[in-house]
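Taking it in order: structure first as structure tokens, then the write-up.
Bear in mind that the values in this text are calculations on the coordinates, not laboratory data. As the structure is a computational prediction, the values presented were derived from the model and not from experiment. Please note: Cβ atoms are built from the backbone with ideal geometry, for glycine as well, and neighbour counts cover all protein chains shown.
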Amino acid sequence: MAPVAVLHGVALSIRGRRVLDGIDLTLDAGETLALLGPNGAGKTSLMRLVAGRLAPEAGSVRVGGADPHRTGAARRAVGWVPQEIALYPRLTVAENLSVFAQLAGLPRRDRPAAVARALALADVEPVAGRVVTTLSGGFQRRVNIAAGLIGQPDLVLLDEPTNGVDLTARAAIHGVLQRLRDQGTAILIATHDFPEAERLADRVAFLAQGRIVREGRLCDLLARLRTGPPERELILDAPPDAAAEAVLRRTGFAPAGASGLRWRTAERAGLDGAALLGTLRAQGVPVGEVRVRSPRLETLYVEALRPRDVGGTEDRPLIATGHRK
């Protein structure tokens with residue numbers, strides 16, 4: 001069975017700056033690929049290429065075997081759900097979906113059925129008659145997804161689909177994506193949410209400075225990582241001063257959040273929890289708790305984006321293509 005989408009040697013520059021360089025990716029039917037990387041890594045630009053909104057300056061993008069930038073059928077096979085809410089605020093949910101059905105080129109006679117199908121799939125039927133501005137942020141996100149599903153696409157692109165929503169709305173959106181996957185839709189999702197990616201993704205690709213630095217099946221990548229000792233996470237009682245921070249970094253820890261209260265090992269230090277706690281406290285580090293856990297996706301991310309030795313073998317991106325389910 002041919003892949004739904006194939007990117008080969010894709011490069012793109014915007015205003016003279018190279019934002020994507022040598023991207024190789026495939027995506028199969030019923031597969032979810034999570035795209036992870038820092039802001040500015042090129043995630044949204046890559047999704048715009050797949051949606052046909054941009055054309056690569058080198059390489060090729062194919063959806064269903066055709067170029068989505070040049071071929072209308074290939075563009076219609078892609079459902080694009082941007083991070084911003086792209087709805088008409090003064091129309092009802094059903095009216096919005098009817099407009100999107102028209103924009104998707106559906107004949108008038110087919111639009112009511114398409115609207116009903118998208119309402120059901122996104123589980124927003126109870127709010128079909130409400131004006132978009134009266135909805136909660138979570139419902140607006142789900143309607144945003146419903147708009148991207150109106151043409152029954154083979155591939156759905158989602159850019160930070162749960163950004164800014166509460167846990168209930170997040171669970172509902174995850175349910176929508178699981179239903180899409182179960183019916184054979186391919187999904188490409190850009191997210192900064194590691195637990196979300198772990199829950200949804202079959203494969204992950206780490207993007208840094210426009211290049212894929214690691215890609216593969218999530219279960220395989222985690223299995224290889226977990227053959228070593230467990231990692232340690234420190235919970236501090238107060239942010240460390242300069243001397244304490246120097247001790248943490250010397251011991252192999254790196255900050256795991258903006259607050260400065262969580263630090264995690266990069267090398268998974270060998271001391272047991274009690275010995276590590278005593279050693280760090282004796283050196284002035286305000287450690288309140290040591291947690292031991294199996295490495296997770298966030299550990300993979302940190303390792304994948306760690307600076308490489310220029311000129312060495314690690315300087316080349318680790319690209320794997322053609323993964324099949």
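What FRET efficiency would be calculated for the residue pair Ala66, Asp110, taking the C-beta separation as r and a Förster radius of 25 Å, to the nearest 0.05?
Result of the calculation: an efficiency of 0.65.
Can you order the peptides 125-133, 186-194 by their average number of other Cβ atoms within 10 Å per residue, highest first?
Descending packing order for the listed peptides: 186-194, 125-133.
I want the local charge near Gln152. Using Cβ-Cβ distances under 11 Å, sum +1 for each Lys or Arg and -1 for each Asp or Glu among the other residues.
On the way: positive: Arg76, Arg117; negative: Asp110, Asp154.
Taking every other residue near Gln152 into account, the sum is 0.
Cut-off is 10 Å between beta-carbons; in what order do Trp80, Trp263 appear when sorted fewest neighbours first? Write out the running numbers ahead of the final one.
Numbers: Trp80 20, Trp263 24.
In order of increasing Cβ crowding within 10 Å: Trp80, Trp263.
On a full-extension model of 0.36 nm per residue, what is the gain between Ala275 and Ser13, subtracting their alpha-carbon distance, rounded to one decimal in nm? Intermediate results must be reported in sequence, preceding the final value.
Details: separation 262, 0.36 × 262 = 94.32 nm, distance 5.12 nm.
Extending this stretch completely gives an extra 89.2 nm.
Using the per-residue mean of other Cβ atoms lying within 10 Å as a proxy for protection, in what order, highest first, do the peptides 51-59, 13-21 fall?
51-59, 13-21
Under a point spin-label approximation (7 Å from Cα along Cα-to-Cβ), what is the Glu125-Arg249 distance to one decimal in nm?
5.7
What does the extension gain come out to for Ala171 and Met1, with contour length at 0.36 nm per residue minus their alpha carbon separation?
Once the chain is fully extended between Ala171 and Met1, it gains 58.1 nm.
To the nearest Å, what is the center-to-center distance of region 165-211 and region 9-54, using C-alpha atoms only?
Rounded to whole Å, the Cα centres lie 16 Å apart.
If all Cα-Cα distances of region 93-151 are sorted into 5 Å bins from 0 onward, what percent lands in each bin, rounded to whole numbers?
4, 24, 35, 22, 12, 3, 0
List the relative contact order of region 93-151 as a percent without decimals, with contacts defined as Cα pairs under 8 Å and 6+ residues apart.
Relative contact order of region 93-151: 49 percent.
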